[in-house]
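Q: Shown below is the structure under consideration.
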Amino acid sequence: MKKIISCKSIIFIWFFAFFILSASSISEPKKNVEVKTIFGSLKLQDELLKIYNLEHMQRLKDIDQSGTPAYWNNIPKLNRIDHCLDMLWLVQNFGGDLQEQIAALTYDISNTVFSQVADIVFGIPNYQDTIHEWFLQHTKVAEIIRGYDWAEQDIVPENPKFKRIQQQAPDMCAENIAYILHTALTLKMITEEDTAFITSKLRYEEDKWCFTALKAAKKFANLSLALTKSFWGSANSLTVYHITGRILKRAMQLQRITENDIHFGIDKQILDKFNACDDPEITRLLAKAKIPKTAYRILKDGEGTPDFVPKPKFRGVNPWIFYKHSKKFKRLSELDKKFSTKFENTKEFCEKGYKIQLNID
């Protein structure tokens, strides 16, 4: 009898000890996490890790930078959290303090479903920027940064002291460096070796992002012009954005989705609601958006009356070249007249826009 009790006791103690050890290992939070960016690995810890783990940040894994074309038109996917991590790498590796690093990490936190499509739905350019502070107030970011006596308004990207994050066009900044290189890499316009080469010649001097090699500057700047014209500013993409805006407005009118869904939901949730909707207008618009070339034609000057005239956002950059011996900066356009002409032509193309006649009724 004593032996039986003893065995049972030993078994009980063993299971109890195993449970305690397992529970403690499960409940113990990770002190750091290593994530990948196009520039290299990045270790997140302390405040950055806490913010990265917030549900509102993790939501960005399911928000695509290209909006609905990424789901309907076979556009390679690139989510918003990867963009934030790329920006954070740049800010961290080029001397930005913790406050600016947090601003970089949370840069895209206020993006709505389908990203820039919200500009059309709400009729406000760069809509996500206008609600950034408001969105932060709906998260737990304030609790994390409270020990530094910072508030949400102190980490908005528009803070003028965050010069690594944002600069006036056509200057480079962490935002456009990250999205130009990552988009070009995703579309296979460049290789990982190209990205490494361009990054190796990148510097941050006297509050300016610049290159130390003309070849790297030209490669990067020409990518910005090519993507502006053939990808971000393509008639296909702009027409699909327009149609998506109409679908969202119709779905809101029918009370199938809400503003809260747009602000805090993820792409797939809204796509599922679109597909489940039996409204004939939404069904028709969805079919057109999935084959955009059947949904529109571009009118020539003097031909007919357009239904809308979208003007692509000009995302071209004209980088500074830094000569370390003379400590002087020169614009790429000063050194390369061919690039200067291409830059101005692309800018003119964006300012003119398209005259689009729709075929969606």
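The values are calculated or read from the model by the stated rules, or taken from the named source; none is laboratory data. Model, not experiment: these values are computed from the prediction. With ideal geometry, Cβ positions are generated from the backbone for all residues, glycine too; neighbour counts draw on all protein chains shown.
Q: For segment 256-361, which helices (runs of 4 or more DSSP H) that fit wholly inside it have 1 or more residues that are without any contact (Cβ under 8 Å) to a residue 40 or more places away in the chain, surrounded by 12 or more Cβ atoms within 10 Å (Cβ to Cβ) and in contact with a Gly (Cβ under 7 Å, 6 or more places away or on another chain)?
A: 337-352
Q: From Phe308, Phe343, grab the single residue that is of a type in the set (A, V, I, L, M, F, W, C) and within 25 Å of Ala178 (Cα to Cα).
A: Exactly one of Phe308, Phe343 is of a type in the set (A, V, I, L, M, F, W, C) and within 25 Å of Ala178 (Cα to Cα), namely Phe343.
Q: Hey, does segment 301-313 have a residue that's hydrophobic (A, V, I, L, M, F, W, C) and under 21 Å from Gly245 (Cβ atoms)?
A: yes
Q: Say whether the condition of being within 18 Å of the chain's Cα centre (by Cα), part of a helix (DSSP H, G or I) and within 23 Å of Leu98 (Cα to Cα) is met by at least one residue in segment 179-192.
A: Yes.
Q: Does any residue of segment 116-138 turn out to be closer than 21 Å to Ile51 by Cβ, outside any helix (DSSP H, G or I) and not hydrophobic (A, V, I, L, M, F, W, C)?
A: yes
Q: Moving to a separate point now. In segment 25-44, what residues are surrounded by 13 or more Cβ atoms within 10 Å (Cβ to Cβ) and modelled with pLDDT under 95?
A: Val33
Q: Okay, next question. Could you list, in sequence order, all residues of segment 35-54 that are in a helix (DSSP H, G or I) and free of Cβ contacts under 8 Å to residues at least 60 places away in the same chain?
A: Residues satisfying the conditions are Asp46, Leu48, Leu49, Tyr52.
Q: Could you list all residues from segment 303-332 that are of a type in the set (Val, Ile, Thr), within 32 Å of the chain's Cα centre (by Cα) and over 26 Å from Ala174 (Cβ atoms)?
A: Of everything in segment 303-332, just one residue is of a type in the set (Val, Ile, Thr), within 32 Å of the chain's Cα centre (by Cα) and over 26 Å from Ala174 (Cβ atoms), namely Val309.
One line per residue, one yes/no per condition, for (1) surrounded by fewer than 18 Cβ atoms within 10 Å (Cβ to Cβ); (2) under 23 Å from Ser66 (Cα atoms); (3) among the β-branched types (Val, Ile, Thr):
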position: Glu100; (1), (2), (3): no, no, no
position: Asn111; (1), (2), (3): no, yes, no
position: Val121; (1), (2), (3): no, yes, yes
position: Trp134; (1), (2), (3): yes, no, no
position: Ile180; (1), (2), (3): no, yes, yes
position: Ala184; (1), (2), (3): no, yes, no
position: Glu192; (1), (2), (3): yes, yes, no
position: Arg203; (1), (2), (3): yes, no, no
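Q: Given the conditions (1) under 23 Å from Glu47 (Cβ atoms); (2) over 16 Å from the mean Cα position of the chain (by Cα), which single one is not true for Leu105?
A: All conditions pass for Leu105, except number (2).
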